[in-house]
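Scroll down for the structure; my scribbles are underneath it.
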Amino acid sequence: MNILAIDTATEFLSIGLSTDRGDFCFSVDAGASHSELLFDAVSGLVSLSGLEREDIDILACMKGPGSFTGLRIGFAAVKGLAFALGKRMVSVPTLDCMAYPFHHSPVLCVPVLDAKQRRFFAALYRNGGRLTEYLDCAAEELAGRIRADLGGAADGGGTAAGRGTVNDVFMLTGPGAVLAQDALSPLLPGALILTEIPRSGYASLLPRYIRETRPLILAGKDAEDPLCSVPLYIRKSDAEIRSAGGLENKGFYR
């Protein structure tokens, strides 16, 4: 089963190709150049693997949340390839994928994306289960969600002997982890914050996530209809907000 995955949800452009002969990955901090680099990167990776595009069985991308423009580029690329090659496609929620490496851990995991304007896209996970909806929130709200899960330890109520237990520790991961740590540390003085800082996109993880959590797709069922599949936007775009007479010039995450 050959799976080609594209992650354009953040400033990183990453392409992952998982094959029966091994895994291949390309990742670069592309800034705003995703569309200029994407198809050349796909072609290079497919060539490196020794496959032809027709050998790809499943095309995958990040569903969101994330950059509005980046998500649209990723969906357009995967849909175009799915139609052209007659292959199946699947999109994976961005935060679910980011939390997946910690799905066996009892420690609270909080993947975060910088949503600009001192806000974060985030969700809470423990033991592989998502505990909240996908959030678009300020640091204060995110701290409140974490505090409610951890209990009194997060407010400094834990004892020195109790530090380091799963009841007062949480893990931040994702591209916004460092920014979130700076914002949350003074709000949760009793909690121990672990921070895992990714150095690239998550396309290399997407095939693994699909193989381990989506058996129906691997069996040829439950694939998405490219005509109907759309990104997960948990916030309106700048243009939608302005056209509705809302906040202007807020620089929301594009």
Any residue at all in region 42-54 that's out of contact with any helix residue (DSSP H, G or I) (no Cβ under 9 Å at 6 or more places or on another chain), in the same structural domain as K221 (by TED's automatic domain parsing), under 18 Å from L206 (Cα atoms) and modelled with pLDDT of 95 or more? yes
Would you point out which residue out of A219, A223 is surrounded by 11 or more Cβ atoms within 10 Å (Cβ to Cβ) and either under 25 Å from C97 (Cα atoms) or modelled with pLDDT of 90 or more (or both)? A223
Can you spot a residue in region 119-129 that is in the same structural domain as A177 (by TED's automatic domain parsing), assigned to a helix (DSSP H, G or I), under 14 Å from the mean Cα position of the chain (by Cα) and not acidic (D, E)? no
Within region 98-110, is there a residue that is part of a helix (DSSP H, G or I), of a type in the set (S, T, Y) and farther than 23 Å from A219 by Cα? no
Strands (runs of 3 or more DSSP E) within region 1-82 that include 2 or more residues under 21 Å from G220 (Cβ atoms): 3-7, 12-19, 58-64
Which number in (1) assigned by TED's automatic domain parsing to the domain that holds Y100; (2) at pLDDT below 80; (3) of a type outside the set (A, V, I, L, M, F, W, C); (4) exposed (fewer than 12 other Cβ atoms within 10 Å of the Cβ) marks the one condition that G157 misses? (4)
Out of the residues in region 55-71 that are surrounded by fewer than 20 Cβ atoms within 10 Å (Cβ to Cβ) and at pLDDT 95 or above, state the one that is farthest from I3 (Cα to Cα). D55
Residues located in region 4-29, provided they are out of contact with any Gly (no Cβ under 9 Å at 6 or more places or on another chain) and of a type outside the set (D, E): L17, S18, G22
Could you check L37 against (1) in contact with a Leu (Cβ under 9 Å, 6 or more places away or on another chain); (2) buried (at least 19 other Cβ atoms within 10 Å of the Cβ) and say which number it fails? (2)
Confirm whether A77 is touching a residue at least 40 places away in the same chain (Cβ under 8 Å) and in contact with a helix residue (DSSP H, G or I) (Cβ under 6 Å, 6 or more places away or on another chain). yes
Could you check, for region 18-30, whether at least one of its residues is buried (at least 18 other Cβ atoms within 10 Å of the Cβ), within 24 Å of V230 (Cβ to Cβ) and either among the β-branched types (V, I, T) or in the same structural domain as C228 (by TED's automatic domain parsing) (or both)? yes
Looking only at region 200-213, decide whether some residue is assigned to a loop (DSSP other than H, G, I, E, B), at pLDDT 95 or above and farther than 26 Å from E11 by Cα. no
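The values are calculated or read from the model by the stated rules, or taken from the named source; none is laboratory data. Note that this is a predicted model, so its numbers are computed, not measured. Counting neighbours? That spans all protein chains shown, and the Cβs are built from the backbone with ideal geometry, glycine included.
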